[in-house]
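The values are calculated or read from the model by the stated rules, or taken from the named source; none is laboratory data. Every value quoted in this text rests on a predicted model; they were computed, and no experiment measured them. Virtual Cβ from ideal backbone geometry, glycine too; neighbours counted across all protein chains shown. Only protein heavy atoms, including side chains, enter the accessible area calculation; ligands, DNA and RNA are left aside. Shrake-Rupley method; radii C 1.70, N 1.55, O 1.52, S 1.80 Å.
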Amino acid sequence: MFIGEYNHSLDDKGRMAIPVKFRRELQKGAVVTRGLDNCLFLYTKTEWEKLAEKLAALPISQSNSRAFSRLMLAGAMDVELDKQGRVILPEYLRQFSGIKKNLVIAGLYNRLEIWDQDLWNKYKNQTEAES
């Protein structure tokens with residue numbers, strides 16, 4: 001289970017350190033993809049397979065189902081942890097999410113969300129004010 005909020009930064013090669021407490025679950029590989037609200041989603045391989053099956057079962061005749069499947073599946077990339085517990089975030093995903101240097105990793109049970117730090121703070125402040 002992924003929970004918590006962690007501040008990190010990208011290095012010059014686009015690598016992001018995974019919080020130590022999550023590394024064991026991601027050792028067998030992971031998938032990063034476009035998320036919602038301008039963030040990225042990072043799943044374990046097992047959780048990704050569950051989600052991909054659900055996406056494949058959506059009705060292809062409905063345009064919103066096709067659009068959501070494209071968002072999630074076409075934007076996905078397999079990632080592996082290096083020896084220092086880092087993963088590379090592909091350039092197209094960094095552009096999608098607006099991540100330049102500072103980022104926030106938020107644990108949301110079965111996935112991690114990766115946010116540009118400024119966008120996260122804006123989103124969090126707005127959400128807290130509305131709660």
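Which of PHE68, PHE22, PHE96 ends up with the largest GNM mean-square fluctuation for the chain, with Cα atoms connected below 10 Å? Comparing PHE68, PHE22, PHE96 in the GNM, the peak value goes to PHE68. Highest GNM mean-square fluctuation among ILE99, ILE88, ILE114, for the chain modelled with Cα contacts below 10 Å: ILE88.
With 20 Å as the limit, the listed pairs LYS13/LYS101; LYS13/LYS83; LYS28/LYS124; LYS100/LYS122; LYS28/LYS50; LYS28/LYS83 have LYS28/LYS124 beyond it between alpha carbons. Helix-only arithmetic for the chain: the sum of -39500 (n - 2.57) across DSSP H runs with n ≥ 4, divided by the residue total, places the mean residue ellipticity at 222 nm at -10500 deg cm²/dmol.
Of the trypsin sites (Lys or Arg not before Pro) found in the stretch 1-87, the ones in coil according to DSSP and having at most 13 other Cβ atoms within 10 Å of their Cβ are LYS13, LYS28, LYS83. Estimated at the nearest 10 Å², the accessible area of VAL20 is 110 Å² with a 1.4 Å probe.
Taking all protein chains together and rolling a 1.4 Å probe, GLU128 ends up with roughly 110 Å² accessible. The 1.4 Å probe gives accessible areas that order SER63, SER131, SER69, largest first, as SER131, SER63, SER69. Proximity of backbone amide H atoms, modeled 1.01 Å from N, is registered between ARG86 and ILE18 at under 5 Å, excluding neighbours fewer than 5 places apart on the same chain. The candidates TYR6, TYR92, arranged from most to least accessible area with a 1.4 Å probe in the full protein assembly, appear as TYR92, TYR6. Among ALA76, ALA57, ALA106, the largest mean-square fluctuation in a Gaussian network model of the chain, built with springs joining Cα atoms closer than 10 Å, belongs to ALA57. Using modelled backbone amide H atoms (1.01 Å from N, in-plane), which distant-in-sequence or interchain residues come within less than 5 Å of ARG111's amide H? The list, which skips near neighbours in sequence, is PHE2.
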